[in-house]
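The structure appears below as structure tokens.
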Number of protein chains: 2
Amino acid sequence: MKLIKNLNILIVGLGLLGGSYAKGLKKLGFTVNAITKDSHSVDYAMENGIIDYGTTEIEPELIAQADLAIFALYPHVFTDWIAQNQQYFKEGCIITDVTGVKGCIVRKIQDMLRPDVEFIAAHPMAGREVSGVENSDDSIFIGANYLVVPTEKNTPEAIELCENLGKILGFKNVAVLSVAEHDEMIAFLSQLTHCIAVSLMCCNNTPGMERYTGDSFRDLTRIARINDEMWSELFLSNKQALLAEMDRFKGSFDELYEKIKNGDRDGMREMMRCSTERRGLFDKI
Amino acid sequence: MKLIKNLNILIVGLGLLGGSYAKGLKKLGFTVNAITKDSHSVDYAMENGIIDYGTTEIEPELIAQADLAIFALYPHVFTDWIAQNQQYFKEGCIITDVTGVKGCIVRKIQDMLRPDVEFIAAHPMAGREVSGVENSDDSIFIGANYLVVPTEKNTPEAIELCENLGKILGFKNVAVLSVAEHDEMIAFLSQLTHCIAVSLMCCNNTPGMERYTGDSFRDLTRIARINDEMWSELFLSNKQALLAEMDRFKGSFDELYEKIKNGDRDGMREMMRCSTERRGLFDKI
């Protein structure tokens with residue numbers, strides 16, 4: 001299957017990410033339909049031209065039209081949806097997703113899925129600290145990273161299609177990782193950072209601090225505004241990897257603590273030079 | 001003394017912050033002269049109209065012209081400079097600064113200073129992760145916080161002058177804090193955040209992570225690109241307060257760790273809702 005303009009794309013879950021995919025794909029000329037739980041999201045998306053057609057119902061004919069289905073749901077909702085509705089897909093349909101953890105879903109879905117439908121997992125490393133289709137914005141993909149997470153069950157054609165989907169949406173780097181590599185990477189780069197932001201925001205309740213702060217505290221806590229339902233599920237779905245990364249960070253933080261306590265200025269400066277040098281690699285542009 | 005346009009302002013230390021002050025004050029119509037250690041900074045600032053006149057020498061006549069002197073130096077350089085050159089100030093000159101820690105300098109300088117010259121401490125909560133007058137930018141002050149840190153030795157007139165300096169430069173909130181309050185606040189809002197960013201950046205050296213990351217890791221490590229000479233001095237100048245804030249953060253991080261380890265989803269969600277609610281106060285606009 002090629003990403004040609006007459007392709008029929010179904011988005012399941014029209015939130016921030018589902019809506020951003022819909023906007024980007026609609027602009028590129030694809031037919032974009034959506035199924036989502038909330039009728040307000042459908043109304044908003046239809047009125048704003050984000051989708052061609054949307055519904056809150058399971059409409060078998062709509063599902064059967066899809067060449068490509070993109071799932072932007074919580075992990076357990078995604079697996080339940082596939083279990084209940086996969087019979088409606090047409091033969092050859094390709095399924096992909098945006099789920100932030102892969103170990104808990106990729107095999108489960110690939111194992112239950114009909115042999116004539118293929119699931120190729122993906123994770124767009126883009127988001128905002130607000131939710132809902134009203135906040136969707138396809139410019140969040142520009143310059144961002146896109147991870148494709150295949151298993152040995154995937155065909156080269158589906159992997160290539162998924163890579164191309166990332167490219168046409170404007171992602172800068174499209175990388176391929178195994179499920180285990182992905183979950184370890186995400187535990188460090190995404191989940192640990194959210195744990196740090198939440199802990200930092202919770203640990204001090206002195207009134208009035210917002211009148212004294214600079215941008216560093218704002219930057220470190222931007223993601224402390226967090227969807228607790230989704231992130232608690234993601235954390236527990238990747239618990240062992242996340243705890244290992246939390247231990248890794250604690251080791252480094254304790255090391256810096258000891259250097260400060262001991263007045264080891266050379267040791268502190270060595271860590272700061274290390275962090276300065278490494279950070280140079282991470283600039284977006 | 002009022003902040004009227006014929007005021008003669010001397011900037012000592014023409015780096016990122018000194019240069020940003022110079023730009024802002026020059027645009028407002030003041031006469032702005034500068035003394036700094038590096039002749040390249042003088043040349044750059046003169047060629048770009050950032051200052052009226054600059055020099056790398058201690059020029060007694062230049063110092064004697066200043067109605068207001070703004071020091072943007074490392075703490076120990078600032079105190080040495082005052083000890084060696086305070087005899088050149090004219091009677092009634094007001095001195096202020098931008099130093100990030102106050103306990104180690106405010107009393108020291110007020111105690112050594114001539115009785116006819118007044119030092120009123122200030123801390124602009126603005127900066128960039130790059131240094132030098134070439135990167136100076138007075139727009140960093142817009143919407144930011146400005147802290148005035150008086151002692152009982154300060155006059156109401158000097159405190160008011162310093163508050164007005166913050167206001168005319170575009171700071172959004174001008175707050176007054178005691179030395180102890182300032183250093184405790186800064187240990188949490190600024191120094192702890194830099195410790196976290198450095199620790200996070202140092203704790204994992206897996207190659208290629210920049211191709212997989214999202215914005216959350218970028219945000220949490222922006223300030224990991226750090227001036228090691230300056231920040232190691234600032235950390236050690238405020239060691240006890242900083243260690244106390246590091247302990248506070250560790251307590252909260254360990255609490256979240258235990259909740260994840262025990263699968264306590266309700267407890268995790270409670271912390272996330274707390275962080276989400278509190279973060280709402282910190283938006284810049």
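Coordinate-derived values only; no laboratory data. As the structure is a computational prediction, the values presented were derived from the model and not from experiment. Cβ sites come from the backbone with ideal geometry, for glycine too, and all protein chains shown count toward neighbours.
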Exam field: B:GLU277 pseudo-label spacings to other copies (7 Å along Cα-Cβ), nanometres: 4.5
Note, ³J(HN,Hα) from phi for segment A:102-119, Karplus 6.51, -1.76, 1.60, rounded to Hz, x at Gly and Pro: 10, x, 7, 10, 4, 5, 4, 6, 4, 5, 8, 6, 4, x, 9, 10, 10, 9
Cut-off under 5 Å, modelled amide H: who pairs with B:MET125 long-range: B:ASN145, B:TYR146, B:LEU147
Vicinal HN-Hα couplings computed from phi for segment B:128-139 (Karplus, 6.51 cos²θ - 1.76 cosθ + 1.60; Hz; Gly/Pro x): 9, 8, 10, 10, x, 4, 4, 9, 5, 6, 6, 6
Gyration tensor verdict on chain A (Cα atoms; rounded if a/c is under 1.5, prolate if a/b is larger than b/c, oblate otherwise): prolate
Part-to-part distance (alpha-carbon centres) for segment B:1-80 and segment B:191-230, which is given in Å: 33 Å
Part-to-part distance (alpha-carbon centres) for segment B:88-129 and segment A:84-105, which is given in Å: 64 Å
Vicinal HN-Hα couplings computed from phi for segment A:93-98 (Karplus, 6.51 cos²θ - 1.76 cosθ + 1.60; Hz; Gly/Pro x): 5, 9, 10, 9, 8, 10
Evaluated at q = 0.17, 0.26 Å⁻¹: base-10 log I(q)/I(0), Debye formula over Cα of segment B:77-152: -0.77, -1.21
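Peptide B:241-249: average number of partner chain Cβ atoms within 10 Å per residue? Before the final figure, lay out each step's value.
On the way: counts 0, 3, 3, 0, 2, 6, 2, 4, 7.
Taking all residues of B:241-249 together, the mean is 3.
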Distances in nm from A:THR56 to the matching label points in the other copies, shortest first (labels 7 Å along Cα to Cβ): 7.2
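Just the projected area, averaged over all directions, of the convex hull on the alpha carbon atoms of segment B:182-282: how many nm²? It would help to have the intermediate numbers written out before the result.
On the way: hull surface 32.5 nm².
Reported value for the Cα convex hull: 8.1 nm².
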Averaged over B:227-240, number of beta-carbon atoms from partner chains that fall within 10 Å: 4
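In whole Å, what three semi-axes, largest first, describe the equivalent ellipsoid of segment A:8-177 built from its Cα gyration tensor (square root of 5 times each eigenvalue)? Please report the intermediate quantities before stating the final value.
Details: eigenvalues 94, 76, 41 Å².
Each semi-axis is the square root of five times an eigenvalue, giving 22, 20, 14 Å.
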At 7 Å out from Cα toward Cβ: A:GLN240 inter-copy label distances (nm, ascending): 4.7
Kirkwood Rh and Cα Rg combined as Rg/Rh, the protein assembly as shown: 1.06
Size of segment A:137-199 as Cα extents on the principal axes (Å, biggest first): 43, 30, 15
Lys pairs, segment A:8-177 - Cα-Cα below 22 angstrom, 8 or more residues apart or on other chains: 15
Anchor B:LYS239: aspartates and glutamates whose Cα lies under 20 Å away (excluding residues fewer than 8 positions away in-chain): A:ASP254, A:GLU255, A:GLU258, A:ASP264, A:ASP266, A:GLU270, B:GLU181, B:ASP183, B:GLU184, B:ASP228, B:GLU229, B:ASP247
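For segment B:96-199, state which GluC sites (Glu not before Pro) are in a DSSP loop and have at most 16 other beta carbons lying within 10 Å of their beta carbon.
In loop regions of segment B:96-199 (DSSP not H, G, I, E or B), the sparsely surrounded GluC sites (Glu not before Pro) are B:GLU152.
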